[in-house]
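Peer 1: Handing you this structure, nothing more for now.
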Amino acid sequence: MKHIAYKSILAAACLALAGCADTPFLQVETESGMDESVIFSKVETTEGQIGSIYHTMGETNSYRNNLTNNMGVNTDIELQTGSADSDAATADNRRSLAIYMQTAGLQDNWSATGGRDPFSQLYSAIERCNLAIKGITEYGNPQPGTHMGALYAEVLTLRAFFYFDLIKYWGDVPARFEPLQMESAWIPKSDRTVIYNQILADLEVADQYGAWPGEYSYTTVERANRVFSKALRARVAMSAAGKALVRVNRDFENPYTVGDDPGEINWVFPDEARRQELWTIVKDECEELLASGYCNFPTERGSFEQFWRNIMNDKIAVGGESIFEIGFRTGRGRVAHTFGAYHDDADKYVAKKVSPYFAASPVYYYRFQEGDDRRDVTVVPYKYVKSDKKLQGSATGFQTISNITKMYFGKFRAEYRDVNSVGILTNAENDEGINFPVMRSADVVLMAAEAHCMLENPAAALPYVQMIRRRAFGGDGAMDKIPYNIGGKAGMLKAIKDERMFEFAEELIRKQDLIRWGELKEAMDIAKEETAELRECIGDFSVMMDAGEPRMVYYRLKGDLETLEYHNIDPYEDTFTPPAGEEWQEAKWTNGESNDEPYLSDEWINKVYYQGDPDKRQLLPIVSVLISGSQNTLVNDYGY
């Protein structure tokens, strides 16, 4: 939750790129009449200006909702709920994005007027960054090792963060690194390599000027400190070194004024030498961070769950695994509502119903290895209810079994809250104020591993993979269970990819990983095949068969009348048969049905992962209202 109480100096009407043709895109007035030379010559007033940048993250159609709860899906492990229920022709915006059927005619929030659409919200934030960077460099005399220098680094980092999200979601976009001038209100798109090179350079400068956690006012993970600058530079470089949907006809120097390029999956940077340079940046940044003493990765068992308990209990002090979080105040931000577990009504944890947008694919739970603590933190096969036909539970809410298509994610579960200390989730209008973690040290560890592997040194990646697995499994990390030859590059890279899959579900990381590996559609095709096998309990899922029939799930409430005890969902559990005289409820699982129709029907499997072509719809279109508003300076590619 947002605990930073900034007083914004700006009273800005930020219309960014989506303003009307006769309206200035950024109208800046100051509450006190101070001009730039006064604002940016003092730390206190500069802090206020930076506060206005953070403020944009909580605005409607920014990170409060669209830039979190509409992104990151669908993948092989993460699904937008209801994806299979929506035919392509009638899908609403959220689901059309998930099933890769979006068009440039996206409506509602995506085509909001007055600069309130997500694309324009990001450019509004970037404009505030541009103004602050200009003001600090001209009037603030930023120097390394000073508070003003740290503020300069913070704004450079925030601008890089916003631009990186633009690249991830839209691909080639306008490259504007100076404050807006009315004579150049609209500029064409540039190849994303132009932006990648600039933000990588900016983040290198931010490293020189930035403050470590605990210095100056950088005491919470809601502020972008030097650790985040370095970690973000590693993540940006890693993405730039990979593949994406790019134009067939590319111009690395001049902006694009003609659209309709068909696009192809190819390297972001065609030059292999440049890609090696990028991987070296990843390696160096991560190793410097892990040696710095400021990037702490806890390896004790239980710390994975504790991280998510900290998120749900508003623990924001620096010094832990969290590096940077988007901070939301109470009643703002829809994190638990989007990514959490299902609650059908107000109960002891929530003020109203929580109906998550995300659910785990049916096969994800079954990909985890035996003994991996991350599984039961990440995926839950139950939901919270106030009443149930088969169970008599607590009047304040209790768990009951869900079904195999509604395996909810558990990292942001409301029941992790210590309600006696921090209260229940006050999720008015589905906003509850839980922070979204953008970067944590586990990613730094795995980025280091992948960088070593890509630089032809898989042996150097081994200790980093083991760090992650020691926390998940205890002991030596069950390294003998890794099903690949990790002595070579190919096997080690597969192991790293698996660890990223198990570690980062519902953190808006998996989809970008699959894109940069060139494996998005391939991974979902594999998941579709596995889902069909799971239904039949064949192949790797044959353990779910018992005496020629799919296992029956048995469940009941424990003595607290809240917590569910269940059996035969876990593939590593011996088949359970209820002892004579004990009362258990039963339910079909892999062969579960609704109205005599299998949950895992062929139709469901074929529709739920994608309906359009993921390789042609990896990126969002610039919506039609922005194209026309720019007098066609902006153009679309990739069939939009």
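Here, each number is a calculation from the coordinates, and none is a lab measurement. From a predicted model like this one, the values you see are computed outputs, not experimental measurements. Because the Cβ atoms are built from the backbone with ideal geometry, glycine has one as well, and the counts that use them run over all protein chains shown.
Peer 1: Is there a pair in K383/K521; K168/K315; K353/K607; K558/K588; K168/K481 whose C-alpha atoms are over 24 Å apart, and which pairs would that be?
Peer 2: Numbers: K383/K521 30 Å; K168/K315 29 Å; K353/K607 27 Å; K558/K588 21 Å; K168/K481 34 Å.
Result: K383/K521; K168/K315; K353/K607; K168/K481 exceed 24 Å.
Peer 1: Now for a different question. Tally Lys/Arg at +1 and Asp/Glu at -1 over every other residue whose Cβ is under 10 Å from the Cβ of Y342; what's the total? Kindly include the intermediate steps, with their values, before the conclusion.
Peer 2: Details: positive: K353, K383, K406, R413; negative: D344.
Here the count lands on +3.
Peer 1: Then there's this: Using only Cα atoms and rounding to the nearest 10 degrees, what angle (0 to 90) does helix 272-292 make with the longest principal axis of the chain?
Peer 2: Taking Cα atoms only, the helix is inclined about 80 degrees.
Peer 1: Please list, ordered by chain and number, the residues whose modelled amide H lies under 5 Å from the amide H of R440; skip anything fewer than 5 residues away on the same chain.
Peer 2: Long-range HN contacts for R440: I323.
Peer 1: For segment 534-640, what are Rg and Dmax over the alpha carbons, in angstrom?
Peer 2: Every Cα atom of segment 534-640 included, Rg and Dmax give 23.5, 76 Å.
Peer 1: Shifting gears a bit: Taking the Cα centre of the chain as origin, sum charge times position over the Cβ atoms of Lys and Arg (+1) and Asp and Glu (-1), and report the length of that vector in debye to the nearest 20.
Peer 2: 860
Peer 1: I would also like to ask the following. Among T219, T113, V363, pick out the residue whose Cα is farthest towards the positive end of the charge dipole of the chain, where Lys and Arg carry +1 and Asp and Glu carry -1 on C-beta, about the Cα centre.
Peer 2: Comparing the listed Cα positions along the dipole, T219 ranks first.
Peer 1: I'd like the orientation of helix 489-503 relative to the chain: the angle between its Cα long axis and the longest Cα principal axis, in ° from 0 to 90, rounded to 10.
Peer 2: 80
Peer 1: Can you compute the radius of gyration and Dmax for segment 331-443, using only the Cα atoms, both in Å?
Peer 2: Gyration radius and largest Cα-Cα distance of segment 331-443: 14.4, 44 Å.
Peer 1: Sticking with this one: Considering amide H positions built from the backbone, and no H for Pro or chain starts, which residues 5 or more places from K189, or on another chain, come under 5 Å of its amide H?
Peer 2: Distant-sequence amide H within range of K189: Y256, V635.
Peer 1: Now, a different point. For segment 55-146, take N as its residue count and report Rg(C-alpha) divided by 2.2 N^0.38 Å. Display every interim value, and only then the final one.
Peer 2: Details: Rg = 18.1 Å, N = 92, 2.2 N^0.38 = 12.3 Å.
It is 1.48.
Peer 1: Now a separate question. Mind listing the phi-derived Karplus ³J(HN,Hα) values for segment 403-408, rounded to whole Hz, using 6.51, -1.76 and 1.60 with θ = phi - 60°, and x for any glycine or proline?
Peer 2: Computed from phi, the couplings for segment 403-408 are 9, 5, 8, 10, 7, 7 Hz.
Peer 1: Tell me the net charge near D613. Cut-off is 13 Å between Cβ atoms, D613 excluded, with +1 for each Lys or Arg and -1 for each Asp or Glu.
Peer 2: Numbers: positive: K521, K616, R617; negative: E264, E522, D525, D615.
Taking every other residue near D613 into account, the sum is -1.
Peer 1: Once amide H atoms are placed 1.01 Å from N in the peptide plane, what residues at a sequence separation of 5 or more from L425, or on another chain, have their amide H within under 5 Å of its amide H?
Peer 2: Residues meeting the criterion, in which the H sits 1.01 Å from N, are V350, A351.
Peer 1: Right, another one. Debye sum, Cα scatterers, the chain, no solvent: what log₁₀ I/I(0) at q = 0.09 1/Å?
Peer 2: Debye curve over Cα of the chain, log10 I(q)/I(0) at q = 0.09 Å⁻¹: -0.74.
Peer 1: Determine the distance separating the Cα centre of segment 587-640 from the Cα centre of segment 519-584; give it in Å without decimals.
Peer 2: 28
Peer 1: Sequence gap at least 6, Cα distance under 8 Å: using those rules, report the relative contact order of the chain to the nearest whole percent. Working shown, then result.
Peer 2: On the way: 1268 pairs, mean separation 116.8, N = 640.
About 18 percent, as a whole number.
Peer 1: Karplus couplings for segment 463-471 from phi (6.51 cos²θ - 1.76 cosθ + 1.60, θ = phi - 60°), rounded to Hz, Gly and Pro as x?
Peer 2: Going residue by residue, I get x, 6, 4, 5, 4, 5, 6, 4, 5 Hz, with x marking Gly and Pro.
Peer 1: Per residue of segment 538-544, what does 6.51 cos²θ - 1.76 cosθ + 1.60 with θ = phi - 60° give for ³J(HN,Hα)? Whole Hz please, x for Gly and Pro, Karplus curve as stated.
Peer 2: 3J(HN,Hα) across segment 538-544, in whole Hz: 10, x, 5, 9, 5, 5, 7.
Peer 1: So what is the calculated 222 nm ellipticity per residue for the chain, using -39500 (n - 2.57) for each DSSP H run with n of 4 or more, over all residues, to the nearest 500 deg cm²/dmol? Display every interim value, and only then the final one.
Peer 2: On the way: 21 runs with 236 residues, N = 640.
Mean residue ellipticity at 222 nm (helix-derived): -11000 deg cm²/dmol.
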